[in-house]
Every structure is written in C-alpha cells, then in structure tokens.
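Enquirer: Structure provided below as structure tokens; questions to follow.
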Amino acid sequence: MASRRSLRPARFDDLGLRRALGDRMLPALVAAMAFLAALALAGSAGAAAMVRHWQDGAAAALTVQVTNPTEPLPRTGDGPEVTRLDQALTLLRSTQGIVGVRALTQAELAELLRPWLGDSSGSTALPLPGVIQVHLGGAGPDLAALQARMEAAVPGTLVESHGAWVQRLAVLARSLQACAWLALAVVAAVAAAVIMVATRAGLSARRDSIEIVHGLGATDGYIAGRFARRATLLAGVGGLLGALASVPVLLALASLAAPFVSATAEVAVPAAADMANSVQLMAQTLRTLPPELWLGLPALPVAAGLIGLLTAQATVRSWLKRLP
Amino acid sequence: MVRLEGVGLQYGRAGRPGTDALRDLTFVVEEGGFRWLLGASGAGKSSLLRLMHLAVRPTRGRLNVLGTEVGRASRRDLPDLRRRIGMVFQDFRLLPHLSAFDNVALPLRIAGRPEGQIRADVTEMLRWVGLARQMDSRPAELSGGEQQRVAIARAVVGRPSLLLADEPTGNLDDVQAERLMVLLKEMNRQGATVIVASHNETLVARHPGRSLRLEHGRLVHHG
C-alpha cells in the first residue's frame, strides 16, 4: 500500500537527496580514488616487506675475504702446515656468536663473478680471494674485535658486514614508503574535494527544500546529517568497489614481486602448472600479500565513508551559516 | 506574544545600502491575540511575516517573539523557536518530491515526535482540511486550493504558539475560506497568537478583528 511507504521514516528522504546526490558519479569517482589508495598501500607494504627481508638476511650474515687463500701460513712449532683459508675458518668457527661458516668453492666464486669476468669455468687470470660466508646468531660478535683478531692471525683478511648496503637499500625503500604515504594523503584530499563538490552541487540543487526545512525548525545538525548519511553511503560503496577491484591487480603485482621478498613464493610459479593444486596455489598467492595489506584493504571503504561523513558535515554546516 | 520596538528591515548586500522594506515598527500583539495584517501589495506585509517567522533578522530595533529577543539570540536557539511558529506561505512552499502526508508530517518529524503520534495527527489534520483521499499525492498532482490546504495543515499540525499566514485564502473558494477562518479562530481560542495577512476585504469584514495596517513599510494604523 502506498500509504505504508510514506510512513517509513528510515527511508524518509525529505530533502530529495537520492536524486540530488546521485548514486553513479560519486561512487565511481571514490572507487577510482580507493583503487589508487590500494596501490599506494601496496607500495608502502611492499617496501616495508623488502626492508624487513633485507635486514633479516643481511644483519645475520658476514662475508670474509682471505687473500691468497691457498698460501700456507708460516709454521709455528711442530704443527702441520695450515693454509691461510683454513686458519681463517678455524678462527671464525671458534668465535662466539657465529653459528655457521662456509667457504665458497671455486665454482661458486666463478658463478658470482661470471657477469663481470665471463664464463671462465673456475679459472681466471686474476688471483681470487677465498670467500667465507658467515652466519651470525643472536647479537653476533663484535665486528671491530673480530676484524682485529683476523688481521693478527691471517694478515690481509677483510671482514665485510652487509650493513652499509642494506642501510642504503633501506633508505631507498623508506623513501618509497614515504612517497606511497604521500600519494595516499593526496588521494584522500582529492576524494574529500570530490565529495565537497558533489555536496555543494546537492546543496544548490536542493536550496529551496533546505530553506523550507530550515524554516520549519530543522537544526544545522539535522540538515547536515541528511547530507552526511547519503555521502557516507555513497563514498563507502565507492571505497568498497575500489578496494575489491584492486585485489586481482595487487595479487598479480605480489606474485611478480614475491621472489624479491620471500623464498617460499618462488615455489608458486612452477606449482602453477599443476592444476590439481590450484586451491593450494590460490592460498599461497593470497599469502604473498603482506599482512598489513589485509588490514589496509578492508579499511579503505571505512576510510572513504569517514571522509564522506566529515566532508559532507563540514561543507553543509559552513553553507548553512548563510541562513539566519 | 510578539513585540516590536523601532524595528527596521533593510534588504541589500553586505556593505551596500539596500532599500528599506520596513521602517520603525513599534507594536505588541499579546499572547493569544489575533491581528489582521492589512495593506496594499508591496506595503511590507510579507517582510513583516518573514521577520516574525525568523527568516530574516531585523536590521534595526528590538524584536521579541514568544519571549525570545531575536536580535540577541544565538543562531543555535532559533530552531527551537521556529518549531513553535507555524507559517502559511503565499506560494505554499511544499516539498515537491514528498506526498501530502509527508509534507504535513515534516515539522513533526523534524521535532522528533514518535511516528505513531505523527501518523495519527497528520491523518486527522488532512481529513480536517478535506484531503483524506489525497494523502499520497504529490503537490504537482494537487490543485492550487488543495496545495494551499496542505500548506495550512503543515502550519497548524504542530499546534504552534504563533501562527502566521500570508494570504491563506488566496486559492480557496468561499466555503474553504470559511472553514479556514473557523480553524484559525479555533487555534486562537486555544491560546495561539494568530496574525493573518490578507487582501480579501470581504473576508476581513465578515470576521472583524483588530488589525495592523502597513503602508510603504510603515505602520499607519493599529486598532
């Protein structure tokens, strides 16, 4: 019955905002903003994950170079002849805070140098140093003391921490993160501006209705609340659509970036051939998204709705000041 | 109760001198009083009603409506005061996208009355003005007289303490105009202050009462 419709105040649209604030343009624009925000969030989360990965890897590793590794050290007493490399290995193994020590083979060394020296199958004209990979545990040893002891025992040995490189990469990643946050702020500001323009258009379209309702004793809060409710709904829906649209794109980006961030994700690519494992693959792909993104994406519609609410409230309240 | 002391109203943009719509008005309409507001077109009747309806604030003088000094009241105090004032506009000012029922219900919903009471009061009011069957019609589907009756119903449904009407019989036939006068007098008898602007000399003659007469924005007669 028609009269029942008119008695339902929850849907009572006294200012005619369902038409004045249409349900196409505003949600579409906010969806586009939310999509961009999702990309920015992903950039930030990705950069953070890379910093973590590098720091975890590099903080726990040292490289020790031993020049002329096969040359024997001058004998002390009756002991057997010891090469410089062996002596360095022994010393490192006996150092507290070191959990693993491994000398790279000539083949591994050649593989490392291949991009610069070509495929020399392990023999080069250059004298190659011995390279020892050291894995640290806990707080690790005191690097300066270790360097001094190595130098005393095996002169010409270099202890190199990866810290400096990682520091530079971390600075780069942090500035990427800052850019992402800046982009997010700009997107939020543009979304607020879009909502403000839409609200202003709605205000001028409904000027007469607003004046009538105002004359009947409606407070600023009542009128602003009507607009804010509508703007919150439209912006929230837009935010939801934008966030949903970003998920496939982010998954694609995450699987591209995965090898740089986590070792497990490398397995995902060969597994793609096996369609029987597609569910497992899907789960694995989903796991490639950084966890902060799984918090950030659902927050997008909420943030969009909140921007809608606050912007509409502020816009309408400032406009209403022209009425007595 | 409405009291004006040396009230002037000037329309115009800020910074520029505008034209004086009302000059130096001083009069009192006591609580529960009735006044005809008379005068030619452009004499300032509508401006005076707008002032008393708090749609504009006086540029000069002191205006007291229902015990509130309008010039000194803060903007936040005015909505409550407006809810105690009913106004029938010459051009009805109904919301075009709402049904007759919703238009009449509007002041009650703004005041936050319970929906059950709203339904009862609005239905009763629309029946009284003879629009029981047009409750769900939009203003565009109603004749001028029917729209005017909706506007009247909206003005009185909240039982205002001050009832203002601008040419309320302009679109009504004699029978409807008589019914309206009965309604206004009944409201007045129940304690509402009623001020009715009208051109209709025969109506005024049939319902004699005290009157305010304006000419060129000045009060020329109060008796």
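Readers should treat all values here as calculations from the given coordinates under stated rules, not as data from a laboratory. Since this is a predicted model, take the numbers as computed values, not measurements. A quick note on method: Cβ atoms are made from the backbone with ideal geometry, for glycine too, and the neighbour counts reach across all protein chains shown.
Enquirer: Take B:Ser41, A:Ser161, B:Ser198 and order them by how many other Cβ atoms sit within 10 Å, fewest up front.
Expert: B:Ser41, A:Ser161, B:Ser198
Enquirer: What FRET efficiency would be calculated for the residue pair B:Gln10, B:Ser41, taking the C-beta separation as r and a Förster radius of 22 Å, to the nearest 0.05?
Expert: According to the calculation, E is roughly 0.65.
Enquirer: Within 10 Å of each Cβ in peptide A:215-225, how many partner chain Cβ atoms are there on average? Round it to a whole number, please.
Expert: Taking all residues of A:215-225 together, the mean is 6.
Enquirer: Once you keep just the Cα pairs under 8 angstrom separated by 6 or more residues, what percentage relative contact order results for the stretch B:78-140?
Expert: With pairs under 8 Å counted, the relative contact order is 45 percent.
Enquirer: Put a dot 7 Å past each Cα toward the Cβ at A:Cys179 and A:Ala153; how far apart are the dots in nm?
Expert: In this crude label model, A:Ala153 to A:Cys179 measures out at 4.5 nm.
Enquirer: Something else now. Tell me the label-point distance for the pair A:Glu160, B:Ala120, using the 7 Å Cα-to-Cβ offset, in nm and rounded to one decimal.
Expert: For A:Glu160 paired with B:Ala120, the spin-label model returns 9.0 nm.
Enquirer: Shielding by partners for B:66-79, please: the mean number of other protein chain Cβ atoms within 10 Å of each residue's Cβ.
Expert: Whole-number average of other-chain Cβ neighbours for B:66-79 is 2.
Enquirer: Also, quick follow-up: Is there a simple number for the mean count of other chain Cβ atoms within 10 Å of the Cβ of residues in B:93-101, and what is it?
Expert: Average neighbour count from other chains, rounded to a whole number: 5.
Enquirer: Using a Förster radius of 45 Å, what is the FRET efficiency between B:Glu215 and A:Arg24 based on their Cβ-Cβ separation? Nearest 0.05, please.
Expert: The formula returns an efficiency of 0.25 here.
Enquirer: Looking at chain B only, what percent of DSSP beta bridges run antiparallel? Nearest 5 please.
Expert: In chain B, approximately 55 percent of DSSP beta bridges are antiparallel ones.
Enquirer: Using the count of nearby Cβ atoms within 10 Å as a rough guide to exposure, how do B:Lys185, B:Lys45 rank from fewest to most?
Expert: Least crowded to most crowded, the residues run B:Lys185, B:Lys45.
Enquirer: Kindly write out, for the stretch B:210-223 in residue order, the coupling ³J(HN,Hα) from the Karplus curve 6.51 cos²θ - 1.76 cosθ + 1.60 (θ = phi - 60°), rounded to whole Hz, with x marking Gly and Pro.
Expert: 5, 9, 10, 10, 9, 9, 6, x, 10, 7, 9, 7, 9, x
Enquirer: Let me ask another. Roughly what % of DSSP beta bridges within the protein assembly as shown run antiparallel, to the nearest 5?
Expert: For the protein assembly as shown, the DSSP antiparallel bridge percentage is about 70.
Enquirer: Counting other beta carbons within 10 Å of each Cβ, put B:Phe92, B:Phe27 in order, fewest first.
Expert: B:Phe27, B:Phe92
Enquirer: R0 = 51 Å: FRET efficiency of A:Leu169 with A:Leu306, Cβ-based, nearest 0.05?
Expert: Result of the calculation: an efficiency of 0.90.
Enquirer: How large is the charge dipole for the protein assembly as shown, taken about the Cα centre, if only the Cβ atoms of Lys, Arg (+1) and Asp, Glu (-1) carry charge, to the nearest 20 debye?
Expert: 3060 debye
Enquirer: Now for a different question. How long is chain B along each principal axis, judged by its Cα atoms, biggest number first, in Å?
Expert: Largest to smallest, the principal-axis extents are 48, 41, 33 Å.
Enquirer: Could you tally the net charge around B:Arg75, taking each other residue with its Cβ under 12 Å from the Cβ of B:Arg75, Lys/Arg +1 and Asp/Glu -1?
Expert: Neighbourhood net charge equals +4.
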